[in-house]
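Peer 1: Handing you a structure now.
The values are calculated or read from the model by the stated rules, or taken from the named source; none is laboratory data. Remember, it's a predicted structure, so these values are computed and weren't measured experimentally. Note that each Cβ is placed from the backbone with ideal geometry, even for glycine, and that neighbours are counted across all protein chains shown. Only protein heavy atoms, including side chains, enter the accessible area calculation; ligands, DNA and RNA are left aside. Shrake-Rupley method; radii C 1.70, N 1.55, O 1.52, S 1.80 Å.
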Amino acid sequence: MSRQRFWGAPIPIVYCDDCGEVPVPDDQLPVTLPDLRGQDLAPKGISPLAAATDWVNTQCPKCGGPAKRDTDTMDTFVDSSWYFLRYCSPHYTAGPFEVDSVRRWCPIDLYVGGVEHAILHLLYSRFFTKVLYDMGMVDFTEPFVRLINQGQVINQGKAMSKSLGNGVDLGVQLAAHGVDAIRLTMLFASPPEDDIDWADVRPEASVKFLGRVIRIAADAGQASAPGTSVTGDSDLRRVTHKTIEEVTRLVESARLNVAVARLMELATAARRAIDSGPGAGDPAVREAAETLAVLLSLFAPYTAEESWELLGHQPSVALAGWPRADAALLVTEQVGSSGHLRGRAAGAGAGRARCHQGTGRPGHQQGDRPAAEASQHRSGGVAGLARLRRQRHDRPAHGASCGGTCWVVRSGRGSACQPAVPLAFGKSCCRTVAGPPASASIGSDPAQYGDDPAEDLRLVAGDRRVGGVMRHQPDVAA
């Protein structure tokens, strides 16, 4: 509760020889610290406040006789346990906070803090909140709706320390690579709650990616002006709006590393459209470049601001508003599927299905499948390579029975129902087989569908552990 130091909240108690310990009346609160600027506050066996005799000596609120203030101060956790409530009405003078304002704005939607600090702070703030609830000052019992404990940056498998000699000079890193690249490197390396080993990441990869974004903005800015009608290459537009939908969802769920991967896909698709597609003057390219700038502003604000200016817009990109995905561009009508197992055809065919690429919830003409089953058919990612996944299914499609475990081909974001597909090992399976859209260009698919997986992987090729950096991104094939 008490600390023998100057900084901290004064303890609102006075000591009287006749009355004992007397609380400071409400009309004399808050007790403010004296101005001791320039004074010697070094420890001398007593609290620094004890030297401020004009402040210490006061009158007893109860009998009016001589009394002394408490010279200790409260721990700073006492302040931070409720200060967030003060933000709702910082100029309010009739109490600690305005009750109506707190009821309007609180509880807090998201709390982000390190484990070591957050343990005590959460304990104290929850205690304060429950006391304030009992007093009728707040109408909630938990101060924070959601909690994220972020990890820390370690080096060579251990926490950085002078004794180990494994510290990394942040100033040197910022000077060499820039703050955007360092921030992006940390965000992309792992989910926020996991630790990052600095020995396993390369900021140079982020520098290269940000340079690509700048060049895309420069090319689009030179070829067209702001306000161009939103038309153009339909394949690139699908990639752009798929990215908007996914990044929005990923940011909301704090999967920031996967959101950055989606932006890399969009940059690759835009670059390909400029170099070997409709060209930089296509309206879809400008739309992709502007989307990149706005979405990237969450992770690399300086690069995003420069890109926004190169695209011909006035500052600031932060005022541009968050883009919305066009639902019509998240739907594909025709999907195809094919696959090989050990060099032999495992099944091929095409079916018609409406597939919402953003959520991976296909709706079949012959009836929707349960959500749990549909969620198994999502795919994509930075590499987006076709791959075989061994899955056990409980219920066959269309009433057929294939019995047990089978191999299912997955590649891209479409889905088509393939009853009784003969597999190479002699079994038949009625499981839906997912494959790349026959006419849609998905930014995470192989080169013939508008992307180059190798180009994205080169961004982290020097990382010494591509799979490790991307280990939390289930859609990435390293």
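Peer 1: Among the residues of region 109-120, what is the count of those that are in contact with a helix residue (DSSP H, G or I) (Cβ under 8 Å, 6 or more places away or on another chain) and either surrounded by fewer than 17 Cβ atoms within 10 Å (Cβ to Cβ) or in a loop (DSSP other than H, G, I, E, B) (or both)?
Peer 2: Initially, region 109-120 is screened for residues in contact with a helix residue (DSSP H, G or I) (Cβ under 8 Å, 6 or more places away or on another chain), giving 111, 113, 120.
When the remaining residues are screened for being either surrounded by fewer than 17 Cβ atoms within 10 Å (Cβ to Cβ) or in a loop (DSSP other than H, G, I, E, B) (or both), the result is 113, 120.
Residues that pass the stated criteria total 2.
Peer 1: Quick check on this structure: which one of 73, 58, 32 is of a type in the set (Val, Ile, Thr) and over 17 Å from residue 9 (Cα atoms)? First the steps, then the outcome.
Peer 2: Values: 73 fails: over 17 Å from residue 9 (Cα atoms); 32 fails: over 17 Å from residue 9 (Cα atoms).
Answer to the check: 58.
Peer 1: Looking at this structure, is residue 252 among the charged types (D, E, K, R), open to solvent by 10 Å² or more (accessible area, probe 1.4 Å) and modelled with pLDDT of 95 or more? Before the answer, list the steps.
Peer 2: Details: among the charged types (D, E, K, R): yes; open to solvent by 10 Å² or more (accessible area, probe 1.4 Å): yes; modelled with pLDDT of 95 or more: no.
Criteria not met by residue 252.
Peer 1: Being in contact with a helix residue (DSSP H, G or I) (Cβ under 9 Å, 6 or more places away or on another chain) and open to solvent by 60 Å² or more (accessible area, probe 1.4 Å) is the filter here, so list the residues in region 129-140 that pass it.
Peer 2: Result: 139, single match.
Peer 1: Now, a different point. Residue 93 passes all but one of (1) over 27 Å from residue 301 (Cβ atoms); (2) open to solvent by 90 Å² or more (accessible area, probe 1.4 Å); (3) at pLDDT 90 or above; which number fails?
Peer 2: (3)
Peer 1: Looking only at region 193-225, how many residues end up being among the β-branched types (Val, Ile, Thr), out of contact with any His (no Cβ under 8 Å at 6 or more places or on another chain) and within 30 Å of residue 165 (Cβ to Cβ)?
Peer 2: Total satisfying the criteria: 2.
Peer 1: Taking only pairs six or more apart or across chains, which ones have beta-carbon atoms under 6 Å, a first residue in region 218-234 that is in a helix (DSSP H, G or I), and a second residue that is open to solvent by 60 Å² or more (accessible area, probe 1.4 Å)?
Peer 2: Every condition considered, the pairs that remain are 218/310; 221/310.
Peer 1: Return the residues of region 206-217 that are touching a residue at least 12 places away in the same chain (Cβ under 8 Å) and open to solvent by less than 30 Å² (accessible area, probe 1.4 Å); say none if nothing qualifies.
Peer 2: 206, 209, 210, 212, 213, 216, 217
Peer 1: Look at residue 97 and say whether it is within 34 Å of the chain's Cα centre (by Cα), part of a loop (DSSP other than H, G, I, E, B) and closer than 30 Å to residue 192 by Cβ.
Peer 2: yes
Peer 1: Look through region 65-90, keep the residues that are in contact with a strand residue (DSSP E or B) (Cβ under 9 Å, 6 or more places away or on another chain) and of a type in the set (D, E, K, R), and return whichever of them is most open to solvent (accessible area, probe 1.4 Å).
Peer 2: Checking each candidate, the answer is 68.
Peer 1: Against the definition (closer than 21 Å to residue 189 by Cα, touching a strand residue (DSSP E or B) at 6+ places or on another chain (Cβ under 9 Å) and either assigned to a loop (DSSP other than H, G, I, E, B) or at pLDDT 95 or above (or both)), how does residue 261 come out, yes or no?
Peer 2: So residue 261 does not fit the description; no.
Peer 1: So which of 240, 268 is in a helix (DSSP H, G or I), farther than 19 Å from residue 207 by Cβ and β-branched (Val, Ile, Thr)?
Peer 2: Numbers: 268 fails: farther than 19 Å from residue 207 by Cβ.
From the options 240, 268, the qualifying one is 240.
Peer 1: Do you know which residues across region 153-205 are in contact (Cβ under 8 Å) with a residue 24 or more places away in the chain, part of a loop (DSSP other than H, G, I, E, B) and polar (S, T, N, Q)?
Peer 2: 156, 190 - these are the residues of region 153-205 that are in contact (Cβ under 8 Å) with a residue 24 or more places away in the chain, part of a loop (DSSP other than H, G, I, E, B) and polar (S, T, N, Q).
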